[in-house]
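What follows is a single structure, written as structure tokens, with notes after it.
The values are calculated or read from the model by the stated rules, or taken from the named source; none is laboratory data. Note that the structure is predicted; figures quoted are calculated from it, not measured. Cβ atoms come from the backbone with ideal geometry, glycine included; neighbour counts cover every protein chain shown.
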Amino acid sequence: MEILYTEEMSAQDKLWNEEKEILPLMNGLQWQIITKFLKGGNKENLHFNVYVDGSESIVDVYTDENIAKDGQINNAISCGNCKSLIKTIKQLAK
């Protein structure tokens, strides 16, 4: 399943580069990306922890469910914007 990088995502990523993203919107877009991936039938391959750290919405992507449950950040790929999240999903999804 193709996850499209939309104009809205691009606009938020540009704001993210300047540390001016709209936090609820960025978080919603990240959830939209994750939901699209999971609805594509990819439920066991990747695992996600989404959280707000200060003024940034972060998605940690894991390839192991147990490590994800433990929240071991050193074993995750952290994504703060839409483009990096889509790229990470495409690289890790099998």
For region 50-68, which positions are surrounded by fewer than 16 Cβ atoms within 10 Å (Cβ to Cβ), modelled with pLDDT of 90 or more and within 16 Å of ILE86 (Cα to Cα)?
VAL50
The residue that is modelled with the lowest pLDDT, considering only those in region 69-94 that are touching a strand residue (DSSP E or B) at 6+ places or on another chain (Cβ under 8 Å) and aliphatic (A, V, I, L, M), is ILE73
Given the conditions (1) surrounded by 15 or more Cβ atoms within 10 Å (Cβ to Cβ); (2) at pLDDT 95 or above, report the number of the one that HIS47 does not fulfil.
(2)
